Every structure is written in structure tokens, then in C-alpha cells.
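S.K.: There's a structure below that I have some questions on.
The values are calculated or read from the model by the stated rules, or taken from the named source; none is laboratory data. In this text, all values refer to a predicted model and were calculated from it rather than measured experimentally. With ideal geometry, Cβ positions are generated from the backbone for all residues, glycine too; neighbour counts draw on all protein chains shown. Please note that ligands, DNA and RNA were not included when accessible areas were found on the heavy atoms of the full protein model with its side chains. Shrake-Rupley method; radii C 1.70, N 1.55, O 1.52, S 1.80 Å.
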Amino acid sequence: PQNQHTDKLLPRNEKVQVRKNLTLEGYVSDPEKALESLDVVLNLSHCKETFGRTILEAMAAGRATICYEWGGLPELVVPEETGVLVPFRDIDSVADSIIAMVNNSTRLKEMGLAGRERAVNNFGRDQFNASLIKASQY
């Protein structure tokens, strides 16, 4: 929702130097369309997710991620390589991370590419099948 934290990020805020192409998309019902339109995916879940499918889907789509260092998400995200981990409920760190990404498009793209590589290599179909075979041998 739009609030004081999102207002900090909007281009009309003259105290923050961000690119004019920063937009807050809001809710999009189709996940594929949402991922196509985004450069950064946030996961600010307050519950301790055991896996974090949203983050993995974002990585597989080549999108940089920002999420809390909380639950299972740190197992997916390599800090400053595939995305950013921020302290739990530290909204100011989330906003600062967004601003840093928006102001460095090269780094944003590098994180997205590294995330895709990690998603495919560590969690892709081949890895999944190998894990199933290994589990069936027990």
C-alpha cells in the first residue's frame, strides 16, 4: 500500500535522487505479467517462510530481489550477488536498497542474471529430478 515508506521512493520526493522510471506497480493478479513488468521483486513477508517460492520465481525470471533476512529466504538469496537481504522489518533498509538498485541499472541487471543462474543450477528441473532420485534411494 502507498504510505510514508513508498512516498520516500517516488520520484516526486525531491530529497531522494532516483530515476524517473521508478513506479510502484501495486497488485497484479497474473504472476507472469507481474514479473514481466518488474525489475525488482520484494518479499516482505512477516511469517517465516520455509522456502520462498516467490523469490525463486523472481530469480528464475532474471529479476533482482530484496527480502528480509528471515526464515528460509537467506538460503535462496546470495547477498549482493542475486539480491539484497535486509534485517527483518527494517523498512528504511528496504527503501535504501530499492534506491540503490534503481540508481545502478548495471548492478540491477547483474543481480537478475546471477539470480537466474542460481535458480536454474540449484533449483531447476534437473536438480529437482536428481533430488527425487536420491530421496527414493533411502
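S.K.: Which percent of Cα pairs goes in each bin when the distances of the chain are cut into 10 angstrom slices starting at zero?
M.R.: 12, 39, 35, 10, 4, 1, 0
S.K.: What is the calculated FRET efficiency for TYR138 to ARG107, with r their C-beta to C-beta distance and R₀ = 30 Å, to the nearest 0.05?
M.R.: Once rounded, the FRET efficiency stands at 0.10.
S.K.: Can you tell me which of 66-72, 76-82 comes out highest on packing, and rank the rest after it, using the mean Cβ neighbours within 10 Å?
M.R.: Highest to lowest by the protection proxy: 66-72, 76-82.
S.K.: Right, next: Given labels modelled 7 Å from the Cα in the Cβ direction, how far is it in nm from SER45 to ILE91?
M.R.: So the label points at SER45 and ILE91 sit 2.1 nm apart.
S.K.: Now, a different point. How large is the dipole of the chain about the Cα centre if only Lys and Arg carry +1 and Asp and Glu carry -1, each at its Cβ, rounded to the nearest 20 debye?
M.R.: I would put it at about 120 debye.
S.K.: Subtract the Cα-Cα distance of ASN129 and TYR27 from 0.36 nm times their separation in residues, and report this length gain in nm to one decimal.
M.R.: Separation in residues times 0.36 nm, less the Cα-Cα distance, equals 33.4 nm.
S.K.: Find how much the distance from GLU81 to ASN122 grows on full extension, using 0.36 nm per residue of separation minus their present alpha carbon separation; answer in nm with one decimal.
M.R.: 13.3 nm
S.K.: Aspartates and glutamates near LYS8 by alpha-carbon distance under 20 Å, same-chain residues fewer than 8 away left out - which ones?
M.R.: GLU25, ASP39, ASP90, ASP92, ASP96
S.K.: Where only protein heavy atoms count, and the probe is 1.4 Å, what is the accessible area per residue for region 44-91 in Å²?
M.R.: 48 Å²
S.K.: What would the Debye formula give as log10 I(q)/I(0) at q = 0.13, 0.20 Å⁻¹ for the alpha-carbon point model of region 69-119, no solvent?
M.R.: Calculated log10 I(q)/I(0) at the listed q: -0.30, -0.70.
S.K.: Tell me the carbon and sulfur percent of the accessible area for the chain, rounded to whole percent, probe radius 1.4 Å.
M.R.: Here it works out to 51 percent.
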